[in-house]
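Some notes on the structure that comes next.
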Amino acid sequence: MTEVLGHNTDPVSALMHLISADNGRWLKSQPLSKQKEIAGRYFDTTGVDVADVMGGLADQPSSQDKANQLIEAERKTTGD
């Protein structure tokens, strides 16, 4: 079996791991450039590492709350 390096270690995948199903559906409906911008903003402002999220180390309620708050604020600005 071949392991793909970097699989599911991008910021968008990590952010999807933290947010609610409803917010995840909304994020997936956005253009990829918008998804990357939002994910980048989350990781830049919180200081959370993508690898920590994917490894389960940042899967804390506070990280999830901050991620959902960011998505919900973004949804309000786009009118969704």
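The values are calculated or read from the model by the stated rules, or taken from the named source; none is laboratory data. These numbers come from a predicted model, not from an experiment. FYI the Cβ positions are ideal-geometry reconstructions off the backbone, even for glycines, and counts take in every protein chain you see. Just the protein is used for accessible areas: all its heavy atoms, side chains included, with ligands, DNA and RNA removed. Shrake-Rupley method; radii C 1.70, N 1.55, O 1.52, S 1.80 Å.
Quickly run through the range 20-42 and pick out the residues that are more than 16 Å from Ala73 (Cβ to Cβ) and of a type in the set (A, V, I, L, M, F, W, C).
Once the filter is applied, which keeps residues that are more than 16 Å from Ala73 (Cβ to Cβ) and of a type in the set (A, V, I, L, M, F, W, C), the range 20-42 yields Ala21, Leu32.
Cβ-Cβ under 8 Å, sequence separation 6+ or interchain: first residue in the range 14-35 and under 15 Å from Gln69 (Cα atoms) and hydrophobic (A, V, I, L, M, F, W, C), partner in a helix (DSSP H, G or I) and open to solvent by 80 Å² or more (accessible area, probe 1.4 Å). Which pairs?
From the range 14-35, the pairs are Met16/Lys28.
Residue by residue through the range 49-64, note down the ones that are open to solvent by less than 30 Å² (accessible area, probe 1.4 Å) and free of Cβ contacts under 8 Å to residues at least 40 places away in the same chain.
Val53, the sole residue that qualifies.
Against the definition (out of contact with any His (no Cβ under 7 Å at 6 or more places or on another chain), of a type in the set (Gly, Ala, Ser), surrounded by 18 or more Cβ atoms within 10 Å (Cβ to Cβ) and modelled with pLDDT of 90 or more), how does Ala67 come out, yes or no?
yes
Hey, can you tell me all the residues within the range 67-80 that are among the charged types (D, E, K, R), outside any loop (DSSP other than H, G, I, E, B) and in contact (Cβ under 8 Å) with a residue 12 or more places away in the chain?
Those that are among the charged types (D, E, K, R), outside any loop (DSSP other than H, G, I, E, B) and in contact (Cβ under 8 Å) with a residue 12 or more places away in the chain: Glu72, Glu74, Arg75.
Could you check the range 25-66 and list, in sequence order, the residues that are part of a helix (DSSP H, G or I) and farther than 15 Å from Asp10 by Cβ?
Arg25, Trp26, Ser29, Thr45, Thr46, Pro61, Ser62, Ser63, Gln64, Asp65, Lys66
Go over the candidates Thr45, Thr9, Thr78 one by one and state the one that is at pLDDT 90 or above and open to solvent by 30 Å² or more (accessible area, probe 1.4 Å).
Only one candidate passes the filter, namely Thr45.
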